[in-house]
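Heads up, the thing below is written out as structure tokens.
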Amino acid sequence: MNRIPVEKKVLSENQVLANALRERYRQHGVLCVNLISSPGSGKTALLERTLERMPKDARVAVLTGDLQTENDAQRLAKFGFPVKQITTGGTCHLDARMIERHLEGWNLDDLDLLIVENVGNLVCPSSYDLGEDAKIVLLSTTEGEDKPLKYPSIFFKSELMVLTKTDLLPYVPFKAELARENARRVHPGMEIIELSNTTGEGLDRWMLWLKTRRERAMSELAAAPVDGHSQS
Ligand SMILES: Nc1nc2c(ncn2[C@@H]2O[C@H](COP(=O)(O)OP(=O)(O)OP(=O)(O)O)[C@@H](O)[C@H]2O)c(=O)[nH]1
Ligand SMILES: [Mg+2]
């Protein structure tokens, strides 16, 4: 029996939209990062700590995805930056169409940084390009050091691994060294930041990473400008 390549068609449709989003981000000078992890690794907690550290006039916005509930958007709205919830209604990942729809009403010229929190899942989100500049995978100290080996795709595709919940290291049988080793077996040279959303330890490095990553994107853009790009 012949296989019908349905998956390929769906993915390539997503790819067209993702490429268009990437082009829009470039034109408006926006850095977009896509946070991916298992449910509960601390994506929203990291965003809470990030937004509270941002200057009040920071040009940052968040799209946060979940199967159900507006909980994460409600947690993030209090920091005063634009935040929208994307409720997928059962779909285990965000796709480029969802991002495009939820950007409606936002002027990208007002933004420097768009952070997308994907649906909690280490598998499905790895296959969907959202037009982001970088995927970032979170791994928490309660999940086990073997996750990079079990779910290699997302660790391979992510530019950065954020190891969260380091405050729990004294209480859980998690070997951070082994987790780092496993991540770099899948993705040699992968950047890794370790932090605790609870104590705040390591957050300065994360904030610096975001700043440096945007500066890098803007200098790459300056070297290969696109029509209509405003360097704001
Ligand atoms: N001890 C400790 N707890 C944390 C840390 N980060 C997050 N948590 C807790 O872990 C739980 C889940 O955190 P969330 O930020 O909701 O996780 P999430 O990845 O956004 O979860 P989903 O959106 O459901 O996928 C919450 O109870 C947080 O308070 C951390 O660094 N240390
Ligand atoms: Mg969340």
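The values are calculated or read from the model by the stated rules, or taken from the named source; none is laboratory data. Quick caveat, the model's predicted, so the values are computed rather than measured. Note that we place each Cβ from the backbone using ideal geometry, even for glycine, and neighbour counts take in every protein chain shown. Just so you know, the surface numbers come from the protein's heavy atoms only, side chains and all, with ligands and any DNA or RNA stripped out. Shrake-Rupley method; radii C 1.70, N 1.55, O 1.52, S 1.80 Å.
Summary table
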quantity: Filter result for the condition that a residue is open to solvent by 60 Å² or more (accessible area, probe 1.4 Å) and either under 14 Å from the mean Cα position of the chain (by Cα) or within 14 Å of ligand 1 (Cβ to nearest atom) (or both), over Gln85, Gln74; calculated: Gln74
quantity: Positions within the range 1-28 being of a type in the set (Gly, Ala, Ser) and modelled with pLDDT of 95 or more, in sequence order; calculated: Ala18, Ala20
quantity: All positions within the range 14-48 that are under 15 Å from Ala134 (Cβ atoms) and polar (S, T, N, Q); calculated: Asn34, Ser37
quantity: Hits in the range 23-49 - residues which are touching a His at 6+ places or on another chain (Cβ under 8 Å) and surrounded by fewer than 19 Cβ atoms within 10 Å (Cβ to Cβ); calculated: Gln27
